[in-house]
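Chemist: This is the structure I have questions about; it appears just below.
The values are calculated or read from the model by the stated rules, or taken from the named source; none is laboratory data. Values in this document were obtained by computation on a predicted structure and should not be read as measured data. So basically every Cβ, Gly included, is an ideal-geometry build from the backbone, and we count neighbours across all protein chains shown. We work out accessible area using only protein heavy atoms, side chains counted, and drop any ligands, DNA or RNA first. Shrake-Rupley method; radii C 1.70, N 1.55, O 1.52, S 1.80 Å.
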Amino acid sequence: MTSGIRFENVSVAYGRSVVLDSLDLTVEPGEVMALLGPSGSGKTTALRAVAGFVQPVSGRVFIGDRDVTGLPPHRRGIGMVVQQYALFPHMRVEENVAFGLRAQKAPKRGIPARVAEALEMTGMAAYARRYPRELSGGQQQRVAIARALAIRPGVLLLDEPLSALDAQLRSGMLAELARLHRELPDVSILYVTHDQVEALTLADRIAVMDRARLRDCGTPQELYRRPRTEFTASFVGNANLLPVTVGSGSVSFAGADLKVPTAEVPPGASATLCVRPHLIGLGDGPNALRGTIAEIQWRGSTHRLYVDVDGHRLKADVRELRETPALGAEVTVHFAPEDAVLLAAGVSDA
Ligand code: ADP
């Protein structure tokens, strides 16, 4: 089944508190959309509105062409996986996986084959007769995914599915999810996470949420290279955010004139200049700034230098260091004009 998801001006409130504010968002058929944002920003609420576990106070939710706003959860054709697996402890793996099919009143004869297919797909075929307590956390989560896939949903909702797993398992499962997505190219996936690595790795597009609202939406590359807001710049990847005053073709920062693309911001305005730490080099070059070394951290493949420039602390991730500068040493750092993004003040809504 091919079906995207569409939020049309969807708002959700608990009492007087609006926790999802006028969300407009489309997940294309077969697309993985990450909802990324800090805790409490409304991500899970958006997902639950698709699942049918919360009722919007206004707006409509579509799955494919179908307006599902008033439909009960089991009639929406969705699979859902949450952080805490939520397997039934007294049921064997195969019974857990069959559960959704039974609830949907799928023809009985077809159920074993569908269960076997879902377990095969998640690498859990050998564990069909076990109980959840006989499985590791990662295996339990695979079963939860198998259970969601067994109904052959057009839409898969994943709510922080990896956050209960330890770091190593998490990266393995991330690769597994990417593989599953390749095997199920028609299934739209809405993936709630506060972890930017998960979003950047898995998503075709990322919707950035903050305080009940959608702030930005784009491919991982767009959001990383050309963030539209300070919030996105700091939440998707690491960023230096420098307060600047805009001139024509340049900005002034800490008494220096920096050449950067200024087309989108009028001269005289205050704005923020975003430069990614790995795009700042040590030594002389275009857009040079003098500063002192405040801290150095060795991170294996790079050194993270913290450089104080006129009271602002810049982060620079430097790959090759011929000699490590001393703390307090005066240094010059620089960045290429095209590597900076100028963000107008007050752009906060998508
Ligand atoms: P996120 O998934 O981004 O962490 P949520 O969508 O879970 O955020 O929550 C958004 C806001 O809604 C939070 O402030 C949360 O406390 C509130 N909230 C969530 N569920 C309920 C509920 N059942 N009753 C009251 N407030 C809730």
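Chemist: Suppose we keep only residues that are near the ligand (Cβ under 6 Å from one of its atoms) and over 14 Å from the mean Cα position of the chain (by Cα) within segment 38-52. Which one would you say is modelled with the highest pLDDT?
Modeler: My answer is THR45.
Chemist: Go through segment 242-285 and report how many residues are open to solvent by 70 Å² or more (accessible area, probe 1.4 Å), in contact (Cβ under 8 Å) with a residue 24 or more places away in the chain and over 29 Å from the mean Cα position of the chain (by Cα).
Modeler: 4
Chemist: Tally time: how many residues in segment 110-158 are over 25 Å from THR193 (Cα atoms), small (Gly, Ala, Ser) and assigned to a loop (DSSP other than H, G, I, E, B)?
Modeler: Total meeting the criteria: 1.
Chemist: Given the residues SER11, SER39, SER22, which is the only one that is farther than 24 Å from LEU180 by Cβ and either assigned to a loop (DSSP other than H, G, I, E, B) or not assigned by TED's automatic domain parsing to the domain that holds ARG147 (or both)?
Modeler: Checking each option against the conditions leaves just SER39.
Chemist: Residue check: is PRO161 within 16 Å of the ligand (Cβ to nearest atom) and in a loop (DSSP other than H, G, I, E, B)?
Modeler: It is true that PRO161 is within 16 Å of the ligand (Cβ to nearest atom) and in a loop (DSSP other than H, G, I, E, B).
Chemist: Next question. Where the second residue is open to solvent by 40 Å² or more (accessible area, probe 1.4 Å) and the first is at pLDDT below 90 and lies in segment 60-80, which pairs have Cβ atoms under 8 Å and are six or more apart or on separate chains?
Modeler: Filtered contacts from segment 60-80: HIS74/ALA103; HIS74/GLN104; GLY77/MET1.
Chemist: I need a count of the residues in segment 173-188 that are in contact with a Gly (Cβ under 8 Å, 6 or more places away or on another chain) and surrounded by fewer than 12 Cβ atoms within 10 Å (Cβ to Cβ).
Modeler: 2
Chemist: Testing VAL97 on (1) open to solvent by 60 Å² or more (accessible area, probe 1.4 Å); (2) assigned to a helix (DSSP H, G or I); (3) touching a helix residue (DSSP H, G or I) at 6+ places or on another chain (Cβ under 9 Å), one condition comes back false. Which one is that?
Modeler: (1)
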